[in-house]
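> Just dropping this structure here.
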Amino acid sequence: MKVRQRQIEVLLDQQGEPASFSWPGQREVVAEIIDKWWEGGRWWAGEGEMIVYRLLTRRGGLYEIHFHSGEGTWWLDRVFD
Amino acid sequence: MFVHLHVHSPFSFLDGASPLERLIDRAAELGMEALALTDHDNVCGAVRFHRLAQGKGIKPIQGVEITLAGGGHLTLLAKGPGGYGNICRLITKAHLDNPRGTPQITPEDLARHKDGLIVLSGCRRGPIASSLLQGDYDGARELAEWYKRTWGQDFYLELPPPHLPGGRRLNRLLAELGDVLAIPLVAAGNVHYAEKADYPVCDLLACLRTGTTLEDVHPLRPLNGEDYLKSSREMETLFADYPGALENSCKIAAACEPALDLGRNLFPRYPTEEKASHLLRRLVWDGAHQRYGSLSTGVRERLEHELAIIEQLDVADYFLVVWDVVRFANAKGIRYAGRGSAADSAVAYCLGITEVDAIARGLLFERFLSLERAQKPDIDIDFDARYRDLVADYVYDKYGAEHVASVCTFNTFRARSAIREVGKALGFAPEELDALAKRFPHIPADAIEPALDHFPELSFLKGERRYRLLWRLCAAVAGLPRFIGTHLGGLVISGVPLVEITPLQQAAKGALIAQFDKDDIEDLGLLKLDLLSLRTLSVVEDAVAAISRADDDFSYLHIPLDDEETYQMLGRGETIGVFQLESPAQRALQARLGAKGIEDIVASVALIRPGPIKGDMVEPFIARRQGKEETEYLHPRLEPILAKTYGVILFQEQVLEIAIAVGGFSPGEADNLRKVLSSLRSQRELDALGRQFIARAQTNGIDAQRAEAIFSLIAGYAGYGFCEAHAAAFGTTAYKTAYLAAHYPAEFFAALLNHQPMGFYPPQTIRLEASRRGITFLPVDINESGPDYLPGEGTIRISLGQVKDMGAQHLEAILKAREAGPFAGLEDFCRRVRLPRNIIANLILVGAFDGLHPNRRALLWQLGRGDGTELLPPPQIEDFSPYQKFLYEYSLLGLTAGGHLIGFLRPKLGQRGILARAQLDSLPDGKKVQVAGLVIRPHRPPTKSGRTVVFLTLEDETGIIDVTVFENVYRRFGHLLFSHPALIIEGTLQKRGAGLGIIARRAESLPLGDARSPAPSPPG
């Protein structure tokens, strides 16, 4: 497993769930949402809530990304080898 | 639609984050038709939940989230009263079969008490869910099969909300299991708070519970803010794949009925062959003959009236239970006194429960019990503090452990506790939090931020940004219960086994407590009896015993209520040590009032209370009592009611009497009116009640304008009124302790010192007062002192028991060794008594060996050089200075036989023109003076103007001085008043009646280590 913290672009499907995500040089299409959960963040320091997705991509990769509700940004957290 | 069946209130201590009221209000806003309450291992919120939910048209479903052996959770719901009874039994077993604070239940116990329950498999910590999360499908299946065998169609697999890692997969596996085993599913919210915005409070509470800070990671902290009371629509979205699970929540709710039946009479039947009401009558008439001799028509009619109400309300057993308890106390020679509104009852007087003659005082029985209010009687009795538990044990033995328990209380967050605990979670250092907390008065946790503006000694905190989150979070937890505790005196006695009504658990001191507080106990129909400890009764008992040793004829019961010397003493404001009358406000009142009879004392007890003070009753009362002001009545019908209090409404009973005389109310209706007036929440309600009163007054022949004025009078007062019966009960004890202080000061003050801590003043102040009355205090003496303070002819010997670190076993060793003869010296003592060295050192330092060798420092050296029993002779070295000796005695005894800290500073103070208390008597009113002293009990009581006024007492070597600090001075010097042990006050002398005080203009700290070199720390 590799831990990465990089901002990504995410396209959502009609249910508002991630359909694909990309960063410069790479694009992945979501085959299945394995898991989804919420994390409250460091609310005492003003951090907002995060929605975390564990995704299986069409190319067989397993990724963990999250949506940071306070900033409205998406981030890649983990890549599972 | 959907029904929440897994909900935590704040009675899931440090877990549920929204008050019950908010949870239910939110459920009502969302249109929920039913709601379950499932707190951790208790049903503490059940009664309030039942009332609040029904009030909003929501069906209350009682339940619990119970902890299983191994730590898993299971959700149990009661289908009705039978199921609720089994929940109570299971919770009781969980608590009593395990160490305190670690309740858990075995599968065997669950199966034994399974009837009437619907069981849900629990949240992620349920045994089935946690097996699945750990990959143990077979284990989960086996458990599910067992639950299905045990509960059949009343067992459901609970689908937790899928907002945690692995949540979706878990629900898929649960659904699969349900399919395979034909077990229905139910969706649940695992609710911990009303709205998403409450999540931070829930997370904070988890930190308090786990002892972590916000920056720490802990598995028991909630990962996100999704555990709020979601709407049906939100739940439908969340469980879109399991529509049957949502429907089943409604099906379950429909299968449950409200489990509590409030307002029943579950009183125990007093064990007697004859009918309870007959026995009661017999006892009352016997008692009446003893109290009154021959019975007048008035007495007979009054007793018949009370007995009829008692019989109609079917509460004769209650009176017999209480009569039996005081009969036991009497038989054992345990001093007691009935208090509160029970003193409105002539029946209680004839049974010997109270000592107030309600008939002679014209007290209305309906203030205590009436058909209209139909409430349960509630009698409180004070006992000699030493023997209160003996009386409680008698109750347990008589009615059986299954039927008796202590009532509980809920300890809630207040300002100081919130600052300490929340501050710890925020990562502040404990020392900083302790210092911060102590600065605040005893206010609610959500009054902290307003207090920063209101109290000048706190204003410096306003600008401190780093405390802002702390204040906000303290406000958020304000009023939430932190843990369950034991009510000080309340016992519940039940006619049915208590576990059918309430779970029981162990309290810290080993007693069993019910899981309901005094209000909920009454709602459940249970009998509550308050057996309270009152140290004043212990003081009285000891003083009377000492007096009786010298005077066979002395009788406390027959102390005359018209003793001139006692009233003169009270009129001088010399009331330190006197029950109820010793506070500075009371002393000032007594000095101005010049009490002449017991009614003045009864009125005094009621007068110095927030209500009369804020209602501006005190000054008119004093002025009229002294004939300086005319007493006028709004209507002639008020005169017979208010004449004894000079036209001022002091007592709740007077409100009743006015409603009867003016509005034509029956006594029961009048008491209802009083109760409603005291709990009004809006002007609208008050206006409606006013219109009703005025209309009735008019039909009773009173004009509208006068009726309106009278209504304003009682409406303004009713919320604060004091019960006259209670005032009378306390007033009698107050007067009698004053009599003892006046006539037997050595016996009285010795007894008072033997039962510290109690009362308003520290031991040194009591010693000063006794000395001022001519009592000589004899120092601790190793050969003369006993375990307690010992009164003699005009003397009090300080006790060995007073010495710091002296335990009961050490004292016993000294006294036993002394039986063989007095100690000849330190070496002889060390040979005959085995004591820790520090205690011997303390004895030396307080002068216990002065009679054998005058040099304390030399004795300490001698002790330090010896090997325990073989000591070298004491050397020739300089002893401690008188100031050092004084400091050691004060620190190791809490008082001294003579001298005063301020006395040592007097030469320097005198150079500055600072006067002693004794020098103020000869000065005129209005003189500008400077005084200095140790600060005693600074406090900020409510005032009629609403402005802040601080009252404090300064103590010097000649007496005490009461100081008043008005707001303008308080704003400048308030930061000194509550945190400095000694002050210099500059102000104006004020003489009112026989009393004397200072109105402060300036304050300055008085450093205590200034005058002499500081005392060294005790050796060892």
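The numbers here are math on the coordinates, done by the rules we state, and not lab data. Keep in mind the model is a prediction, meaning the values are calculated, not measured. Cβ sites come from the backbone with ideal geometry, for glycine too, and all protein chains shown count toward neighbours.
> If you place +1 on the Cβ of every Lys and Arg, -1 on the Cβ of every Asp and Glu, and leave all else neutral, what size is the dipole of segment A:2-80 about its Cα centre, to the nearest 20 Debye?
It comes to approximately 400 debye.
> Ranked highest first by the average count of other Cβ atoms within 10 Å around their residues, in what order do A:45-53, B:201-209 fall?
Ranked from most to least packed, the peptides come out as B:201-209, A:45-53.
> Just want the answer: with Cβ charges of +1 for Lys and Arg and -1 for Asp and Glu, which residue in B:Thr964, B:His980, B:Ala916 is farthest toward the dipole's positive end in segment B:902-1012?
Among B:Thr964, B:His980, B:Ala916, the one farthest towards the positive end of the dipole of segment B:902-1012 is B:Thr964.
> Would you mind working out the magnitude of the charge dipole of segment B:756-893 relative to its Cα centre, with +1 at each Lys and Arg C-beta and -1 at each Asp and Glu C-beta, to the nearest 20 Debye? Working shown, then result.
Numbers: 15 positive and 16 negative charges, 42 e Å.
That gives segment B:756-893 a dipole magnitude of about 200 debye.
> Ok, one more. Between segment B:277-302 and segment B:503-555, what is the C-alpha centre distance in whole Å?
Taking the Cα centre of each part, segment B:277-302 and segment B:503-555 sit 28 Å apart.
> Let me ask you something else. To the nearest whole number, what is the average tally of beta carbon atoms from other chains within 10 Å of the beta carbons of peptide B:919-926? Show your work: numbers first, answer last.
Working: counts 0, 0, 0, 0, 0, 0, 0, 0.
Counting Cβ atoms of other protein chains within 10 Å of each residue's Cβ and averaging gives 0.
> Find the relative contact order for chain A and round it to a whole percent, using C-alpha pairs within less than 8 Å whose residues are 6+ positions apart.
Reported relative contact order: 31 percent.
> Only Cα pairs under 8 Å and at least 6 apart count here; give the relative contact order of segment B:414-479 as a rounded whole percent.
43
> Here's a follow-up. What is the antiparallel percent of DSSP beta bridges lying wholly in chain B, to the nearest 5?
So the antiparallel bridges amount to about 65 percent of the total.
> Hey, got the average number of other protein chain Cβ atoms within 10 angstrom for residues in B:490-498?
Numbers: counts 0, 0, 0, 0, 0, 0, 0, 0, 0.
The per-residue average across the peptide is 0.
> For the protein assembly as shown, what class follows from the C-alpha gyration tensor (a ≥ b ≥ c being the square roots of its eigenvalues): rounded when a/c is under 1.5, otherwise prolate if a/b is larger than b/c, else oblate?
Details: a/c = 1.81, a/b = 1.42, b/c = 1.28.
It is prolate, given that a/c is not under 1.5 and a/b is the larger ratio.
> Quick one: of B:Lys251/B:Lys518; B:Lys462/B:Lys804; B:Lys56/B:Lys509; B:Lys251/B:Lys675; B:Lys59/B:Lys275; B:Lys148/B:Lys230, which pairs are farther than 32 Å apart, Cα to Cα?
Pairs exceeding the cut-off: B:Lys251/B:Lys518; B:Lys462/B:Lys804; B:Lys56/B:Lys509; B:Lys251/B:Lys675; B:Lys59/B:Lys275.
> Would you mind telling me the antiparallel percentage of the DSSP bridges in the protein assembly as shown, rounded to 5?
75
> Taking the Cβ of B:Ala418 as the centre, find all other residues whose Cβ is under 13 Å away and add up their charges (Lys, Arg: +1; Asp, Glu: -1). Let's see the in-between values first.
Details: positive: B:Arg414, B:Arg416, B:Arg420, B:Lys424, B:Arg472, B:Arg482; negative: B:Glu421, B:Asp446, B:Glu449.
With Lys, Arg at +1 and Asp, Glu at -1, the neighbours total +3.
> Follow-up question, since we're still on this one. Per DSSP helix of 4 or more residues, -39500 (n - 2.57); summed, then divided by the residues of chain B. What does that give at 222 nm, rounded to the nearest 500?
After summing the helix terms and dividing by residue count, I get -13500 deg cm²/dmol.
> Tell me which GluC sites (Glu not before Pro) from segment B:812-916 have a DSSP coil assignment and no more than 13 other beta carbons within 10 Å of their own.
Qualifying residues, ordered by number: B:Glu819, B:Glu870, B:Glu878.
> How large is the charge dipole for chain B, taken about the Cα centre, if only the Cβ atoms of Lys, Arg (+1) and Asp, Glu (-1) carry charge, to the nearest 20 debye?
2300
> What are the trypsin sites (Lys or Arg not before Pro) within segment B:44-153 that DSSP puts in a loop, where the Cβ has at most 13 other Cβ atoms within 10 Å? Write down the numbers at each step before the final one.
Numbers: sites: B:Arg48, B:Arg51, B:Lys56, B:Lys79, B:Arg89, B:Lys93, B:Arg100, B:Arg112, B:Lys114, B:Arg124, B:Arg125, B:Arg141, B:Lys148, B:Arg149; in loops: B:Lys56, B:Lys79, B:Arg100, B:Lys114, B:Arg124, B:Arg125.
Counting only loop positions with at most 13 other Cβ atoms within 10 Å, the trypsin sites (Lys or Arg not before Pro) in segment B:44-153 are B:Arg100.
> Enter the Cα centre distance for the pair segment B:576-598 and segment B:719-772, rounded to the nearest angstrom.
Spelled out, the Cα-based centre of one part sits 11 Å from the other.
> What does the charge add up to near B:Leu893, with Lys and Arg as +1, Asp and Glu as -1, over the other residues with Cβ less than 10 Å from its Cβ?
Net local charge, B:Leu893 excluded: +1.
> For B:Gln54 and B:Asp261, calculate 0.36 nm times their separation in residues minus their Cα-Cα distance, and state this gained length in nm to one decimal.
On the way: separation 207, 0.36 × 207 = 74.52 nm, distance 1.24 nm.
Going from the current span to full extension adds 73.3 nm.
> Choose one of A:Gln7, B:His726, B:Gly933: the residue whose Cα lies farthest towards the positive end of the charge dipole of the protein assembly as shown (beta-carbon charges +1 Lys, Arg; -1 Asp, Glu; about the Cα centre).
Among A:Gln7, B:His726, B:Gly933, the one farthest towards the positive end of the dipole of the protein assembly as shown is B:Gly933.
> Is the shape of segment A:2-80 best called rounded, prolate or oblate, per the rule: a/c under 1.5 gives rounded, else a/b larger than b/c gives prolate, else oblate, with a ≥ b ≥ c the square roots of the Cα gyration tensor eigenvalues?
It comes out prolate by the Cα gyration axes.
> Also, quick follow-up: Calculate the mean, over all residues of peptide A:29-39, of how many other protein chain Cβ atoms lie within 10 angstrom of the residue's Cβ.
Values: counts 0, 0, 0, 0, 1, 3, 8, 6, 10, 8, 6.
Mean number of neighbouring Cβ atoms from other chains: 4.
> Take peptides A:64-74, B:989-999 and line them up by average Cβ neighbours within 10 Å, highest first, as a rough protection proxy.
B:989-999, A:64-74
> For chain B, what relative contact order do you get, as a whole percent, if you take Cα pairs closer than 8 Å and at least 6 residues apart?
Answer for chain B is 9 percent.
> Next question, about the same structure. Which one of B:Val544, B:Gly594, B:Thr953 is farthest out on the positive end of the charge dipole of the protein assembly as shown, using unit charges on Cβ (Lys, Arg +1; Asp, Glu -1) and the Cα centre as origin?
B:Thr953
> If one computes the Cα centroid of segment B:62-95 and of segment B:918-939, what distance in Å separates the two points?
Measuring centre to centre over Cα atoms gives 64 Å.
> From the square roots a ≥ b ≥ c of the eigenvalues of the alpha-carbon gyration tensor of segment B:10-255, which class results: rounded (a/c under 1.5), prolate (a/b over b/c), or oblate? Each step should come with its number before you reach the end.
Details: a/c = 1.14, a/b = 1.12, b/c = 1.02.
Here segment B:10-255 falls in the rounded category.
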